Amino acid sequence: MREYETIIARVEALARDLGLSFDPVVFRLTDSEEIAEVASMGLPNRFVHWYWGGAYKEIHAQQSKAVFSILELVLNTRPSYAFLRRTNTHLQNLCVIAHVYGHADFFANNHWFRKSNKDILNLAEQHARTFRSFEEKYGRETVERLLDACLTVATSVNAFERDPARRARRVIYHLETRAPLQDYERYILEAVRQEAEYFDLIQRTHIINEGWATFVELELLRELVSARQWAEVSSSICSRPTTYMIGYTLFQHIRRTWGWQKALEVRRFYEDVRLIDEMLTQELVHRLDLFVYDPRDRTKNTDVGAVKEMLIQQKLYKGDPPIEVEDPTGPRDLTLVHAEEGKKLDPKRIALYLRSVYSLWRNPVRLRANGKVYTYDRRGLSTS
């Protein structure tokens, strides 16, 4: 890391000159395998589960084939930990360092991230140790089956939700408070929920977070690179994922229209849905080549309203079906409803999902979807 110490100090000073503020950032030089390992688990030293192995294999294979490459990884902790890849060029790691300080500023100042658990590394390691003790006491297969079910329902978390009534309609919170679980089972469900909320926050702010980090990165690099290097950086920026480019373009638009202080204000108080809803314009939709594709007509709808609706719906439900809990009629009643009646759910996925819910609820579970009522009980799945 010695070769980067001077440039890290220079980038940090420039970032503070821009009016950014952040917790200390600890950089670590590592290899692609470790970055892929942390990326697949989400956090170092997290509990062991078969799913992480599949994710690691896919990431590692894609990096080896140059399908995509993870150049940096930064954690929302206090202090923030950032990983630089040894195989990156010096210019690539310079870009990463500047990008990381954008993330660190977002972590420290954004309204939602300021409420997040900055001690997640220690918490995740504590969860992992406790899970291992449960495996020794209750059996590895028992704990793994429980984790399978908990991870299945964990997609229903919402780190933004503060209203108790609306929160209770989400499956995981309902099960956490009302399912007839043993103490160790409830501990595992609560632990999975806590970690899922950490990642849910990242997903719901992905566009604004990566957009701000990219925007800051380029502001800082103007003072650090030559004209030839700037051309190389600009070219690499254009090849980044769409989410990065949407956020970056919106912050460019904000600064040009309202100035730097407005950009700082937006990074503090907004998240993805509000950013898209208030800042995306028809002109920017065309510039970014955004559209809603209709496979039936094979047409592209570039109307800003349609594009906003598509992006916002993706953020609200993260690609998962919006399944909520109906008001129970009794202590053992659990009826779920698919909120988008016009969209069909795969019956095979319904069976797998309800099996997981049933394994935690321990009583019959019903789901209203596809114009039917699916019931899962000790005999398996039935429909009516």
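Can you tell me which residue within segment 323-339, out of those that are in a loop (DSSP other than H, G, I, E, B) and in contact with a strand residue (DSSP E or B) (Cβ under 7 Å, 6 or more places away or on another chain), is nearest to L360 (Cα to Cα)? Among those that are in a loop (DSSP other than H, G, I, E, B) and in contact with a strand residue (DSSP E or B) (Cβ under 7 Å, 6 or more places away or on another chain), it is L334.
Of the residues making up segment 127-146, just one is within 14 Å of Q194 (Cβ to Cβ) and aliphatic (A, V, I, L, M), namely A128.
E161 fulfils the conditions (1) surrounded by 15 or more Cβ atoms within 10 Å (Cβ to Cβ); (2) farther than 25 Å from N363 by Cα; (3) touching a residue at least 40 places away in the same chain (Cβ under 8 Å) except for a single criterion, (3). Among the residues making up segment 236-264, those that are farther than 30 Å from T89 by Cα and either at pLDDT below 95 or open to solvent by less than 60 Å² (accessible area, probe 1.4 Å) (or both) are H253, I254, G259, W260, K262, A263, L264. V307 - would you say it is out of contact with any Gly (no Cβ under 7 Å at 6 or more places or on another chain) and at pLDDT 95 or above? Spelling it out, V307 is indeed out of contact with any Gly (no Cβ under 7 Å at 6 or more places or on another chain) and at pLDDT 95 or above. Scanning segment 327-381 for residues that are small (G, A, S) and surrounded by 12 or more Cβ atoms within 10 Å (Cβ to Cβ) yields A339, A351, S356, S359, A369.
Scan segment 340-363 and give yes if some residue there is assigned to a strand (DSSP E or B) and over 27 Å from R274 (Cβ atoms), otherwise no. Within segment 340-363, not a single residue is assigned to a strand (DSSP E or B) and over 27 Å from R274 (Cβ atoms).
I'd like to know if segment 268-286 contains one or more residues that are at pLDDT 95 or above, more than 29 Å from H111 (Cα to Cα) and not β-branched (V, I, T). The answer is yes; a qualifying residue exists. If you go through segment 164-182 and keep only what is open to solvent by 50 Å² or more (accessible area, probe 1.4 Å) and hydroxyl-bearing (S, T, Y), you end up with just T177.
For segment 274-290, the set of residues classified as open to solvent by 40 Å² or more (accessible area, probe 1.4 Å) and touching a helix residue (DSSP H, G or I) at 6+ places or on another chain (Cβ under 7 Å) consists of D277, T281, Q282, R287, listed by residue number.
Restricting segment 1-32 to residues that are under 23 Å from R114 (Cβ atoms) and without any contact (Cβ under 8 Å) to a residue 60 or more places away in the chain, which is least open to solvent (accessible area, probe 1.4 Å)? Here the residue is V26. Among the residues of segment 150-168, which ones are in contact with a helix residue (DSSP H, G or I) (Cβ under 9 Å, 6 or more places away or on another chain), farther than 12 Å from A196 by Cα and outside any helix (DSSP H, G or I)? Once the filter is applied, which keeps residues that are in contact with a helix residue (DSSP H, G or I) (Cβ under 9 Å, 6 or more places away or on another chain), farther than 12 Å from A196 by Cα and outside any helix (DSSP H, G or I), segment 150-168 yields F160, E161. When residues in segment 79-119 are screened for being closer than 29 Å to R2 by Cβ and not in a loop (DSSP other than H, G, I, E, B), 25 of them pass. The sole residue among L224, L220, L175, L250 that is closer than 30 Å to S133 by Cβ and of a type in the set (A, V, I, L, M) is L175. Screening Y293 with (1) free of Cβ contacts under 8 Å to residues at least 12 places away in the same chain; (2) out of contact with any Lys or Arg (no Cβ under 7 Å at 6 or more places or on another chain) gives one miss only, at (2).
Number of residues in segment 364-379 that are touching a residue at least 24 places away in the same chain (Cβ under 8 Å), part of a strand (DSSP E or B) and not hydroxyl-bearing (S, T, Y): the value is 5.
Here is the figure for segment 272-320: residues that are under 19 Å from H253 (Cβ atoms), acidic (D, E) and in a helix (DSSP H, G or I) total 4. Scanning segment 210-235 for residues that are touching a residue at least 40 places away in the same chain (Cβ under 8 Å), farther than 16 Å from Q252 by Cβ and either open to solvent by less than 10 Å² (accessible area, probe 1.4 Å) or outside any helix (DSSP H, G or I) (or both) gives E223, L224, V225.
The values are calculated or read from the model by the stated rules, or taken from the named source; none is laboratory data. The structure presented is a predicted model; accordingly, all values stated were derived computationally and were not measured. All Cβ positions, even for glycine, are placed from backbone atoms using ideal geometry, and neighbour counts span all protein chains on display. To get the accessible areas, we keep the full protein, side chains included, count just its heavy atoms, and leave off ligands, DNA and RNA. Shrake-Rupley method; radii C 1.70, N 1.55, O 1.52, S 1.80 Å.
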